[in-house]
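*Asks:* I have a structure here, written as structure tokens, and I will follow up with some questions on it.
The values are calculated or read from the model by the stated rules, or taken from the named source; none is laboratory data. It should be emphasised that the depicted structure is a prediction, and the values quoted were computed from it without experimental measurement. Ideal geometry is used to build each Cβ from the backbone, glycine not excepted, and the neighbour counts take in all protein chains shown. Just the protein is used for accessible areas: all its heavy atoms, side chains included, with ligands, DNA and RNA removed. Shrake-Rupley method; radii C 1.70, N 1.55, O 1.52, S 1.80 Å.
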Amino acid sequence: METNLRVAALLAEIADLLELEGAEGFKAVAYRRAARNIQALDGEVAALKAGGKLQDIPGVGPGLAGKIGELLEAGTCKVLEELRGKVPAGLREVLEVPGIGTRTAAMLYREAGIASLAELEAAARAGRLQALPRLGEKQEGQILTAIARLRQRAGRFPLGAVLPYGEALARFLAGVSGVTAAAVAGSVRRRVDMVKDLDLVAGTTDPQGLVKAFSSHPLVAEVLACGTARCSVRLAAGFSADLRVVSPPEFYAALHHFTGSKEHHVRLRHLAKARGLTLSEYGAMSADGGRTVPPDEAAVYALVGLSWVPPELREDQGEIEAAAAGTLPELVSLGQVRGDLHVHTDWSDGIDTLERMARAARELGYEYLAICDHARALGFTRGLDAEKLSRQGAEIDRLNAALAGITLLKGVEANIMADGSLDLADEVLAGLDVVVAAVHSGLADGVRVTERLSAAIRHPLVHIIAHPTGRILGRRDGTDIDLPRVLDEAARGGKVLEINAHPDRLDLPSPPARQWLDRGGLLAVDTDAHAAVALADMGWGIDVARRAWASSAGILNALPLSELRQRLAHIRRCSRQ
């Protein structure tokens with residue numbers, strides 16, 4: 001799907017440049033939606049173009065279809081080149097600073113001529129930002145702190161930006177002549193949320209031919225170093241990819257070795273040494289020089305007396321001890337998910353209808369889907385008030401009577417206001433099946449956000465706290481909330497914390513999610529989908545849950561519908577006690 005990824009990236013760039021230029025907001029939104037939907041396609045966007053079906057992609061009309069056609073044919077388009085000529089390239093670098101969106105970046109350029117990260121930092125250090133609109137001494141300090149954090153994570157990329165390339169390259173490698181197996185390895189395989197690069201492993205009878213095919217792949221922008229056992233390249237997406245080449249029998253030993261983590265392998269090597277073995281990417285070597293080549297990863301662990309450890313757990317966070325004791329959890333799988341408890345439709349800022357979302361959920365095999373459009377306080381989302389929620393509820397009743405095999409639940413994503421209250425009256429919330437509450441503003445103040453979250457958790461009608469830290473991977477750090485207090489409040493109220501599966505969020509992150517599970521808490525893994533195709537993002541959230549050691553027993557939406565209804569009612573009863 002490398003063509004899909006390239007086209008999606010270019011459409012996202014157009015959206016950024018439009019916003020930086022000051023174009024009307026709906027234009028950028030249209031490009032972002034198209035980019036997201038193309039990246040989520042099951043088939044090739046080029047095949048849709050060839051069949052004259054680009055407009056079958058949700059959110060793609062005649063105009064966008066024409067531009068996508070240009071991108072496919074030429075690798076660029078007239079609109080993109082015009083925007084690149086108008087907008088300084090450094091402004092996109094400014095957008096990487098957490099807390100600076102396109103409106104602020106455009107204002108910085110318009111009012112102060114700031115067109116790069118270096119110019120922004122210099123202006124902040126000189127105190128020149130304080131005179132600009134909507135900025136002051138406090139905001140200036142926050143920008144300097146954000147720049148420092150950005151530099152700390154320089155060279156790291158969100159998992160959601162890297163994994164699709166890894167999967168595309170692994171599929172390509174598997175099809176090269178002589179290759180018996182190929183897979184993604186490294187931190188990407190462990191599903192770490194921010195990664196430095198992409199690791200791939202392949203077993204082949206023709207190393208030279210494989211390296212040649214890999215290094216000449218269209219996604220490769222530069223070859224850094226290549227031999228017959230290893231080839232390192234830089235991809236056009238901006239990160240490096242490292243291919244390790246082994247003989248077919250050595251594939252699983254190499255896959256295990258290059259998956260890591262370093263800390264996990266240090267523990268394994270100690271166990272191996274105690275048995276007179278040395279572990280490497282080529283297998284296990286005994287003191288007398290004999291070599292054992294494991295036929296799969298389970299055999300690697302068996303050599304040191306352990307049961308197989310899933311890749312997501314290989315971080316030296318207790319998994320070695322659990323494997324030795326036979327107490328590793330049976331991690332939740334995507335197939336155990338019964339529904340999604342947080343999605344949006346065209347009643348607020350989504351792009352698909354209730355019926356389209358319902359049918360897409362049914363195609364995924366779900367039993368239920370909670371419609372949680374934004375409430376009224378978020379004006380830019382066309383949020384729902386009591387009257388609109390009532391009309392939407394009537395439409396949900398109609399669809400539930402007409403569609404077999406899927407149940408739509410009535411819900412809302414309520415906004416947690418500055419004083420901790422919600423933006424809908426209690427009598428309205430009481431009539432809903434699912435109430436999701438979230439903070440969407442003022443995220444820089446961790447103390448205030450903690451207070452707001454705590455107040456919402458204590459609200460007797462709230463079921464789920466959505467994307468609790470508010471982070472956007474690679475763009476905005478999570479709010480520095482008082483996590484122990486939030487977990488205490490949630491435990492007392494019997495509330496559910498969300499793992500938001502949108503690949504830009506993955507929030508709650510796995511470390512606090514594991515803390516919550518260890519306390520007996522429940523997680524809801526939700527996509528926050530704003531289009532039917534985004535329901536497929538569930539897998540990202542399940543990966544986070546697996547890194548948090550979650551079994552299906554810890555996931556609210558792994559319950560069948562009848563038990564889900566009982567649990568939702570129980571949450572409200574607990575909140576009233």
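*Asks:* Within the stretch 1-106, considering only helices (runs of 4 or more DSSP H) that don't extend past its boundaries, which have at least 1 residues that are at pLDDT below 85, in contact with a Phe, Trp or Tyr (Cβ under 9 Å, 6 or more places away or on another chain) and under 30 Å from Leu132 (Cβ atoms)?
*Replies:* Result: 25-39.
*Asks:* Considering Asp482, Asp477, which residue is touching a Pro at 6+ places or on another chain (Cβ under 6 Å) and open to solvent by 20 Å² or more (accessible area, probe 1.4 Å)?
*Replies:* Asp477
*Asks:* Determine which member of the set Lys49, Lys27 is charged (D, E, K, R), in contact with a helix residue (DSSP H, G or I) (Cβ under 8 Å, 6 or more places away or on another chain), more than 28 Å from Gly101 (Cβ to Cβ) and open to solvent by 30 Å² or more (accessible area, probe 1.4 Å).
*Replies:* Going through Lys49, Lys27 in turn, the sole match is Lys49.
*Asks:* Also: Among the residues in the stretch 565-575, are any over 20 Å from Lys410 (Cβ atoms), surrounded by fewer than 23 Cβ atoms within 10 Å (Cβ to Cβ) and of a type outside the set (Gly, Ala, Ser)? Write out each step before concluding.
*Replies:* Residues of the stretch 565-575 over 20 Å from Lys410 (Cβ atoms): 574.
Narrowing the set further to residues that are surrounded by fewer than 23 Cβ atoms within 10 Å (Cβ to Cβ) leaves 574.
Checking which are of a type outside the set (Gly, Ala, Ser) leaves us with 574.
Yes, because at least one residue in the stretch 565-575 is over 20 Å from Lys410 (Cβ atoms), surrounded by fewer than 23 Cβ atoms within 10 Å (Cβ to Cβ) and of a type outside the set (Gly, Ala, Ser).
*Asks:* Are there any pairs with C-beta distances below 8 angstrom linking a residue in the stretch 184-198 that is within 11 Å of Thr259 (Cβ to Cβ) to a residue that is of a type in the set (S, T, N, Q) and part of a loop (DSSP other than H, G, I, E, B), with the two at least 6 apart or on different chains, and if so which?
*Replies:* Taking only residues 6 or more apart or on different chains, the pairs are Ser187/Ser261; Arg190/Ser261.
*Asks:* Follow-up. Out of curiosity, is Ala550 part of a loop (DSSP other than H, G, I, E, B) and either open to solvent by less than 20 Å² (accessible area, probe 1.4 Å) or among the aliphatic types (A, V, I, L, M) (or both)?
*Replies:* Yes; evaluated as a whole, the condition is true for this residue.
*Asks:* List every residue pair whose Cβ atoms sit under 7 Å apart, with the two residues 6 or more apart in sequence or on different chains, where the first one lies in the stretch 327-345 and is without any contact (Cβ under 8 Å) to a residue 24 or more places away in the chain and the second, anywhere, is in a loop (DSSP other than H, G, I, E, B) and among the aliphatic types (A, V, I, L, M).
*Replies:* These pairs meet every condition: Leu328/Val309.
*Asks:* Enumerate the pairs (first residue in the stretch 498-511 and hydroxyl-bearing (Ser, Thr, Tyr); second residue anywhere and at pLDDT below 95 and in a helix (DSSP H, G or I)) with beta-carbon separation below 6 Å, excluding pairs fewer than 6 apart on the same chain, so at least 6 apart or on different chains.
*Replies:* none
*Asks:* Since Ala253 meets every condition but one in (1) open to solvent by 10 Å² or more (accessible area, probe 1.4 Å); (2) outside any strand (DSSP E or B); (3) touching a Gly at 6+ places or on another chain (Cβ under 9 Å), which condition does it not meet?
*Replies:* Of everything listed in (1) open to solvent by 10 Å² or more (accessible area, probe 1.4 Å); (2) outside any strand (DSSP E or B); (3) touching a Gly at 6+ places or on another chain (Cβ under 9 Å), Ala253 misses just condition (1).
*Asks:* Quick one: which residue in Leu268, Leu306, Leu279 is part of a loop (DSSP other than H, G, I, E, B), of a type outside the set (S, T, N, Q) and either within 25 Å of Leu331 (Cβ to Cβ) or touching a helix residue (DSSP H, G or I) at 6+ places or on another chain (Cβ under 9 Å) (or both)?
*Replies:* Selected residue: Leu306, the only one of Leu268, Leu306, Leu279 that is part of a loop (DSSP other than H, G, I, E, B), of a type outside the set (S, T, N, Q) and either within 25 Å of Leu331 (Cβ to Cβ) or touching a helix residue (DSSP H, G or I) at 6+ places or on another chain (Cβ under 9 Å) (or both).
*Asks:* Suppose we filter the stretch 167-196 for residues that are under 29 Å from Ala548 (Cβ atoms), in a loop (DSSP other than H, G, I, E, B) and open to solvent by 50 Å² or more (accessible area, probe 1.4 Å); how many remain?
*Replies:* Final tally of qualifying residues: 2.
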